[in-house]
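Presented below is the structure to which this report refers.
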Amino acid sequence: MAEHMTRDIPAPAVSLESKPFFDAAREGRFLVKRCQACGEVHWYPRPICPFCHSDRTVWEESPGTGVVYTFSVMRRSPTGPYAIGYVTLDEGVSLMTNFVDMAPEDLRIGMRVKVKFQPTEGGPPVPVFAPA
Ligand SMILES: [Zn+2]
């Protein structure tokens, strides 16, 4: 059986703007931002909507489900292979992430994935994606 990918992820820098996201992440909740003026979800979370420039953006809990849009497997790593790539959430936005809990050979474009949170050294957990 192929080994599952793991990777140590450095602690993210938490800003005033991203603090609500990481506070929720500590509770295992995945947040996205939705604009109340135009209704669009965007990523990464911003105080000003990138579509209509409204400041009426609010945090919204997402189930964190989506599909693999693209990925790249890094094999020359001292800790073993790992994969990064983009997930397109069911809300329609794409984010860059790490893929976990699967062998690199099993990763496919279009496969269903779901968010989970991986602890970091001295910081809040970060979202990664595993097979749904
Ligand atoms: Zn908007």
Study note, to complete from the structure: Going through region 20-38 in order, the residues found to be under 23 Å from S94 (Cβ atoms) and in contact with a Pro (Cβ under 9 Å, 6 or more places away or on another chain) are P20, F21, F22, A25, G28, F30, L31, V32, K33, C35
Review point. Within the group E121, E105, E60, which residue is within 14 Å of the ligand (Cβ to nearest atom), surrounded by fewer than 18 Cβ atoms within 10 Å (Cβ to Cβ) and either closer than 25 Å to A11 by Cα or of a type in the set (D, E) (or both)?
Key: E60
Point to revise | Filtered residues of region 16-57 (kept if within 11 Å of the ligand (Cβ to nearest atom) and either among the charged types (D, E, K, R) or part of a helix (DSSP H, G or I) (or both)) | key: K33, R34, E40, R46, D55, R56
Review point. Quick one: is P78 within 16 Å of the ligand (Cβ to nearest atom), outside any helix (DSSP H, G or I) and farther than 20 Å from K116 by Cβ?
Key: no
Practice item. Could you figure out which of (1) more than 16 Å from the ligand (Cβ to nearest atom); (2) surrounded by 17 or more Cβ atoms within 10 Å (Cβ to Cβ) isn't true of V73? Key: (2)
Exercise for review: Give me the pairs, please: first residue somewhere in region 39-56 and among the charged types (D, E, K, R), second residue anywhere and crowded, with 17+ Cβ neighbours inside 10 Å, beta-carbon distance under 8 Å, and either six or more positions apart or on two chains.
Suggested key: E40/R34; E40/C49; R46/K33; R46/T57; D55/C49; R56/C35; R56/C49
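Any read-out appearing in this document is the output of simple, stated calculations on the displayed coordinates, not a laboratory observation. Since the model is a prediction, treat every value here as computed from it, not as a measurement. Counting neighbours? That spans all protein chains shown, and the Cβs are built from the backbone with ideal geometry, glycine included.
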